[in-house]
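To start, the structure itself, in structure tokens.
The values are calculated or read from the model by the stated rules, or taken from the named source; none is laboratory data. Just so you know, these numbers come straight off a predicted model, no measurement behind them. FYI the Cβ positions are ideal-geometry reconstructions off the backbone, even for glycines, and counts take in every protein chain you see.
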Amino acid sequence: MLPRLSDPIVAIATAPGRGAVGIVRVSGRDLAPLIDALCARSLRARHAHHGPFLDTRGHPIDQGLALHFPAPASYTGEDVLELQAHGGPVVLQLLLARCLEAAAETDPATGRERLPGLRVAQPGEFTQRAFLNGKLDLAQAEAVADLIDASTEAAARSAGESLAGALSREVETLRERIVQLRMLVEATLDFPEEDIDFLRQADADGQLRAIDDALAGVLDRAQQGALLREGIKVVLAGQPNVGKSSLLNALAGAELAIVTPIPGTTRDKVSQTIQIEGVPLHVIDTAGLRGDAQVADEVERIGVARSWQAIAEADAVLFLHDLTRRGEPAYDAAEAEIAARLGLGDAQAAPRVLHVYNKVDAARAPALPADAVVLSARRGDGLDALRRALLERVGWHAVPEGRFIARARHVHALRRTAAHLARAGEHLRSADPALDLFAEELRLAHEALGEITGRMTADELLGEIFSRFCIGK
């Protein structure tokens, strides 16, 4: 649900906790009376003014910098006041309370409240107003949150590209090309005597194919950007004592999981986020997998159940095999049972499973599938090959044109656009072209692209997007 957008808002804009500097931000219309109450003077636009921030009796709460950004040249497109004070939580709470108090006071010059209706901002409301006031489009607004939340340097740089408008420009270029094609079709529908010959002369089919090609490039880059933002959930799976915990420690470069030769040492999930080529990987070490009859106690049974749950939710599964135990009847039987439950005979499930053969330092590797990875988690042999294979398995690759950060909803909208364009092509290229259906699919493709930048976006979606921002942003 959208908040009341006519209300002036205030919030602490810096992270909770102690710091050298903390910021209280106000956005609304005509902040001059509030500025006079807090600073006892007017402020020159976009200049930093040092001085006291005053309480209701005129005593200083703190000394700091005050900056006034008059509309529309501000972050939100409204008048904005920033009070930069010392970053103690108590000081910032006192300033926040003083802003609310001063707003409700009567201004001697006008006899009215200084800033009627001032309230604490909801999460993301400053950026939401920037979007609604045309300072940012929706993709750029989302990039603000993605830049704040970035967990790797590559993700931060890509979010910066999106904030600068990289994704938006690509989308708008596609929209403009679809608009040009829609204009040709609409002209044909308005003058049916021209019919399909008019579209052939204008090379409508060639234009549509060119749009398809451009869209494929944008979708590929968006998928890479989504991997950067969301990261990849990787689960280490296999029988007890095959080296899952050792592999987690080797990938993380730290002793995160207890490693012993005793089967069943890991009873619950152990998680760690690492990065490979800037892509965040959320790696989960799970309890060793084996049949219910082999489970020693109830605690291990619960751990095994959680392992299968993590596997079901994973983007990629590293199925570890112990080279030193191959050929043991019980071990091989359990391997086959795990493989069956992983769905390796299923064409859809198999691609997310990567076979990893561990302990090559203690046993010779036999002939293995071409996509298998052989390593020693204890010595570190083969880790680079595993990292490369893992990125390849989840679809990561270099993008020559550069990347922008993207969200799952962006990728979904681009895929829907591609589907509508594909159906449009079918209608155009049929023996008896259905131009009205061709035009409708182009319209739907146009709208799907508009959802990315906010040209076609429901209020419910806006409420969901901005509710995930931090307060003060």
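Worth pointing out:
- The one condition in (1) within 23 Å of the chain's Cα centre (by Cα); (2) assigned by TED's automatic domain parsing to the domain that holds A226 that A145 fails to fulfil: (2)
- Look at the range 2-23: where a residue is closer than 14 Å to G472 by Cβ and among the hydrophobic types (A, V, I, L, M, F, W, C) and a partner is modelled with pLDDT under 90 and surrounded by 11 or more Cβ atoms within 10 Å (Cβ to Cβ), sitting 6+ places away or on another chain with Cβ atoms under 6 Å, you get A11/I471; A11/G472; I12/G472; A13/G472.
- Residue match in the range 38-48 (condition: surrounded by 13 or more Cβ atoms within 10 Å (Cβ to Cβ) and in contact with an Asp or Glu (Cβ under 8 Å, 6 or more places away or on another chain)): no
- Top-ranked residue of the range 366-379 - restricted to ones that are of a type in the set (G, A, S) and surrounded by 15 or more Cβ atoms within 10 Å (Cβ to Cβ), ranked as farthest from the chain's Cα centre (by Cα): S376
- Residue within the range 39-60 that is under 35 Å from the mean Cα position of the chain (by Cα), under 22 Å from A141 (Cβ atoms), among the hydrophobic types (A, V, I, L, M, F, W, C) and part of a loop (DSSP other than H, G, I, E, B) present: no
- Checking each residue in the range 377-395 for being in a loop (DSSP other than H, G, I, E, B), modelled with pLDDT of 85 or more and either basic (K, R) or in contact with a strand residue (DSSP E or B) (Cβ under 6 Å, 6 or more places away or on another chain) (or both) picks out A377, R378, R379, G382.
- Scanning the range 75-104 for residues that are of a type in the set (S, T, N, Q) and either without any contact (Cβ under 8 Å) to a residue 60 or more places away in the chain or not assigned by TED's automatic domain parsing to the domain that holds G28 (or both) returns a single hit, T76.
- Taken together, D220, D190, D195 contain a single residue that is assigned by TED's automatic domain parsing to the domain that holds A333 and either within 30 Å of E125 (Cα to Cα) or at pLDDT 90 or above (or both), which is D220.
Conditions (1) of a type in the set (V, I, T); (2) modelled with pLDDT under 85; (3) farther than 30 Å from I232 by Cα, marked per residue:
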| residue | (1), (2), (3) |
| --- | --- |
| I338 | yes, no, no |
| L342 | no, yes, no |
| G345 | no, yes, no |
| A350 | no, yes, no |
| Y357 | no, no, no |
| A363 | no, yes, yes |
| P369 | no, yes, no |
| L375 | no, no, no |
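- Pick from the range 1-38, criterion within 37 Å of the chain's Cα centre (by Cα) and acidic (D, E), ranking: farthest from G463 (Cα to Cα): D30
- A residue that is among the aliphatic types (A, V, I, L, M) and at pLDDT 85 or above occurs somewhere in the range 284-303.
- A434 buried (at least 16 other Cβ atoms within 10 Å of the Cβ) and at pLDDT below 95: no
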